[in-house]
Amino acid sequence: MKTVEGRYVILDSNRNRFKRFLSNTVRFCKTQAEIGKVYEEEPVDLTWITYTQKFADELVKAVTSRRRTQVRRAFPRHECVLTVASPRPESVPTLHGLFSHIVGDNPGYRWLPKDELSEVLFDPSINRSDFIIAAASDPITRTLSLVRGNCQPLVVPFSFFEPSGDGTKPDFSNVRVTDFGRTVALGDYESSTDTILYETDREYRERTLFQRKESERTFGASLFRLRKQRKLKRSDFPTLASKTIARIERNEIERPHCATLRAIAKRLGVPPEDIGEY
Amino acid sequence: MPFQLELPKRLRARGWKVKIREKERLEPPHVTIIFGKKEWRVGLRDKSFLEPPGGRWADIDDEVRELIEKSWKALQNAWDEKYPSNPTSSREEDNPKDNQEDSDEDS
């Protein structure tokens with residue numbers, strides 16, 4: 001999927017509310033004519049943001065009227081539409097026909113509060129992909145669908161959120177995104193965005209590992225952290241002695257045998273080559 | 001419910017929060033300081049900044065820092081309660097280079 005970074009068009013009636021965010025990369029439109037002008041002028045890879053159903057409709061109308069005069073342009077364009085208020089159900093197929101990526105086309109999404117959402121989306125100094133901006137819960141498939149600040153989706157099973165030691169359990173019927181996208185709340189239960197990304201995104205893990213001190217970047221240190229994350233004791237590796245795990249974690253064994261690595265990886269639930277990323 | 005350090009209203013209004021949530025990266029034990037979009041994680045064993053690398057106490061409001069220092073034991077207890085499998089007190093776990101040949105410190 002093509003992701004969209006950096007160029008935004010806010011569709012709303014209140015310019016003042018967004019004034020401080022406007023720049024060369026964040027534009028504002030409140031009429032169909034303005035939307036159409038931006039659509040024609042700007043290259044692809046825009047993110048359109050609508051906060052009300054009305055402006056999702058205005059976007060559809062403006063783009064379809066331009067489509068008649070631009071027959072050579074391919075559809076759908078590689079653009080993202082962030083519908084903070086889910087669009088009318090009847091307009092959803094049209095939106096999908098016109099744009100390559102629609103986020104929030106279901107009323108089940110819970111978004112960051114609007115001011116916090118704007119802070120995350122329009123701040124060029126941050127890595128938006130490190131923030132969660134919306135979440136939706138599906139009790140049938142027992143999955144949580146998250147949207148990162150760069151519009152990338154992330155699906156996490158309910159089982160990822162195990163009860164904490166003090167007995168607090170996640171309530172998946174009450175999902176919220178808070179702390180400027182640094183926290184996903186499930187009722188009284190809160191998860192850091194950091195741990196969700198760390199467990200599910202290899203690129204995020206690699207970036208984290210790269211930032212660690214050199215002494216913490218060893219294979220042994222990674223194994224130690226991953227074993228802790230899985231809440232395993234050194235004695236929880238059935239075919240291996242605790243002593244062997246301890247020696248690997250202390251980097252006393254530089255190159256563990258393949259069979260040893262496979263046994264460790266199997267117990268940790270990751271491919272052998274991934275252990276060193278944690 | 002996350003453990004949230006009680007901060008004066010004016011600090012809360014400015015966006016400061018100090019939290020231990022139910023789901024965090026387990027190792028090493030830490031407390032998270034949040035200020036708007038910014039976030040710092042401070043190790044609960046040695047008060048070192050884990051994230052971002054190069055983070056400093058100078059980045060944190062003085063009053064927030066003082067409150068954290070005063071509440072250090074309560075923060076450690078809160079972590080231990082939420083994450084009994086990796087308590088702050090298990091110092092032998094802190095450094096994988098620890099030279100304890102055959103100890104299974106978890107047992």
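Scanning region B:68-91 for residues that are more than 11 Å from chain A (Cβ to nearest Cβ), more than 24 Å from residue B:58 (Cα to Cα) and in a helix (DSSP H, G or I) gives a single hit, B:91. Taking the listed residues A:167, A:149, the one that is in contact with a Lys or Arg (Cβ under 8 Å, 6 or more places away or on another chain) and either without any contact (Cβ under 8 Å) to a residue 40 or more places away in the chain or open to solvent by 10 Å² or more (accessible area, probe 1.4 Å) (or both) is A:149, with no other qualifying. Quick test for you: out of A:156, A:120, A:92, A:63, pick the one residue that is part of a helix (DSSP H, G or I), among the aliphatic types (A, V, I, L, M) and within 14 Å of chain B (Cβ to nearest Cβ). Residue meeting the stated conditions: A:120.
Residue by residue, here is whether (1) open to solvent by 40 Å² or more (accessible area, probe 1.4 Å); (2) among the aliphatic types (A, V, I, L, M) holds:
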| residue | (1), (2) |
| --- | --- |
| A:208 | no, no |
| A:219 | yes, no |
| A:223 | no, yes |
| A:249 | no, no |
| A:256 | no, no |
| A:267 | yes, no |
| A:277 | no, no |
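Condition first: more than 10 Å from chain A (Cβ to nearest Cβ) and buried (at least 16 other Cβ atoms within 10 Å of the Cβ). Now tell me which residues in region B:4-27 satisfy that. Across region B:4-27, the qualifying residues are B:5, B:7, B:11, B:16, B:18. Close Cβ contacts (under 6 Å, 6 or more residues apart or on different chains) running from residues in region A:197-209 that are touching a residue at least 12 places away in the same chain (Cβ under 8 Å) and not assigned by TED's automatic domain parsing to the domain that holds residue A:159 to residues that are part of a helix (DSSP H, G or I) and open to solvent by 10 Å² or more (accessible area, probe 1.4 Å) are absent. Of everything in region B:28-73 that is out of contact with any Pro (no Cβ under 9 Å at 6 or more places or on another chain) and in contact (Cβ under 8 Å) with a residue 60 or more places away in the chain, the residue that is surrounded by the fewest Cβ atoms within 10 Å (Cβ to Cβ) is B:71. Of all residues in region A:123-149, those being modelled with pLDDT of 95 or more, in a loop (DSSP other than H, G, I, E, B) and among the hydrophobic types (A, V, I, L, M, F, W, C) number 2. Among the residues of region A:225-244, the ones that are within 25 Å of residue B:33 (Cβ to Cβ) and either touching a helix residue (DSSP H, G or I) at 6+ places or on another chain (Cβ under 8 Å) or more than 8 Å from chain B (Cβ to nearest Cβ) (or both) come to 2 in all.
The values are calculated or read from the model by the stated rules, or taken from the named source; none is laboratory data. All values reported here derive from a predicted model rather than from experimental measurement. As a convention, Cβ positions derive from the backbone with ideal geometry for all residues, glycine included, and neighbour counts pool all protein chains shown. Side chains are part of the model used for accessible areas, which takes the heavy atoms of the whole protein and leaves out ligands, DNA and RNA. Shrake-Rupley method; radii C 1.70, N 1.55, O 1.52, S 1.80 Å.
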